[in-house]
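Comments concern the structure below.
The values are calculated or read from the model by the stated rules, or taken from the named source; none is laboratory data. Remember, it's a predicted structure, so these values are computed and weren't measured experimentally. FYI the Cβ positions are ideal-geometry reconstructions off the backbone, even for glycines, and counts take in every protein chain you see. We work out accessible area using only protein heavy atoms, side chains counted, and drop any ligands, DNA or RNA first. Shrake-Rupley method; radii C 1.70, N 1.55, O 1.52, S 1.80 Å.
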Amino acid sequence: MLACLAGRDARAIRMGKPPTTLRDIAKSLGTSIGTVHRALHDNPGVSPETRAKVLEAAKSLGYRPNLAARYLSSKKILRISVNTLQGTTSFWDQVRAGIREEAASILLEDVEVEFRTSPGLGEGEEDALEAAIDEKVDGIIIFPSRPETLRPSIRRASRADIPVVCVATDAPNSGRLGIVAVDTQASGSIAADLMGRFLGARQGEIAITVFDMAITEHAEKYSAFESTLRSCYPNLHLLKPIEDHDVEKEAYGKCRKLFDEHPKLAGLYVTTEASIPVLRAACDAKVLEGLTIITTDLFPDLVPHIRSGAVAATIYQRPRAQGQMALRMLYEFLAEGSRRSHQIALLPHLVMRGNLDFFLRRQSEESSPEAVRETERELSEDLV
């Protein structure tokens, strides 16, 4: 399964050819979207030769300016509200970094990103969303940790013609524009297959921690994990899921109870950010050495546990890419009227001790000042 999925992202399939966008024109010419935008709107800073090449490419690709593009060109600033969580690891920092980078690569001078960050789950999420709507922002990126509570506000935004893109988890039946998240079923299935391969013919009980089974993504991850274990590794018995709501104290307490009640537990799959308190609970219960542990995401505190082998593998959810694609979806809708890729399911990356340094180097390169300056430099580049 890993080989089959590794080469591409899973995306929602749409019938028919999608409309040509500024990104398509930029890619065909090997230039930036900013250059294409300025050329098409006769803005300063573009040479006559470049403008001619852009117009020729737009014509050959069948680009059609629409009402959305004309509306955007009449505005000075496109305001995007990003409503996310503070988080206990670097996950949300990376999501926000991806959003900033995508804003810079599109049109830094025309996109204003406003961050509204909640300190904890359910703390001020609804108020932040209502404030963004009242301020009449042009679009919203949101992490709906409690979809049922936020659904009325998302519908209100839709009625006010403010598109909402969900990131990391979904709010179905809310009128939202789209969702960008990791493929939860692929994550759960990969984790189960790894668990079975690590344990071999050994019989035993397996535990899984989730955020909340009432949330679709977590229920899907559990379902895929359970289904793969049952069909491929019947020697392993999955226990009832532990809901830790991504709260460190709750994760520690519930897992400490788990280890006390199941001292011979064979494996544990942690699907939330709260892997460090789980590892601490296993250490305090003196069961860490005998456990096969698979975690989620990659952050500094987790690195030594991967190096030591205490964590066999981690399922990396590509937060930076989630942020980039969420803003891209909003921009293409607002600036170009594009409705493609309403649902983007990114395939997770598998990080183990052998490829850990590769991922750490890539994270460092992506967040370096040089990489950020290179992204911003593209805004002022013309074709040679």
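The calculated FRET efficiency for the pair LYS257 and GLU289, based on their C-beta separation and a Förster distance of 25 Å, comes to about 0.80.
Taking a point 7 Å out from the Cα of LYS264 in the direction of its Cβ, the residues of segment 188-216 whose backbone N falls within less than 15 Å of it are 202-206.
Given the peptides 129-135, 79-85, 209-215, arrange them by the average over their residues of other C-beta atoms within 10 Å, most packed first.
79-85, 209-215, 129-135
Note on ARG79 and PHE115: the model spin-label points, each 7 Å out from Cα along the C-beta direction, lie 1.9 nm apart.
Given their separation in residues at 0.36 nm each and the Cα-Cα distance between them, GLU250 and GLN86 gain 57.3 nm when the chain is fully extended.
If you stretched the chain out fully between SER28 and LEU55, how much longer would it get, using 0.36 nm times the residue separation minus the C-alpha to C-alpha distance?
8.5 nm
Stokes-Einstein, applied to the Kirkwood radius of segment 252-310 over Cα pairs at a viscosity of 1.306 mPa s and 10 °C, places its translational diffusion at 139 µm² s⁻¹. Working from label points 7 Å from Cα in the Cα-to-Cβ sense, the MET213 to ASN173 distance is 2.0 nm.
Sorted by accessible area (1.4 Å probe), largest first, how do MET329, MET352 line up?
Solvent-accessible surface, decreasing: MET352, MET329.
Compactness ratio for segment 82-183: Cα radius of gyration over 2.2 N^0.38 Å (N = residue count) comes to 1.01. Lysine pair count for segment 160-300 with Cα-Cα distance under 15 Å and sequence separation of 8 or more or different chains is 6.
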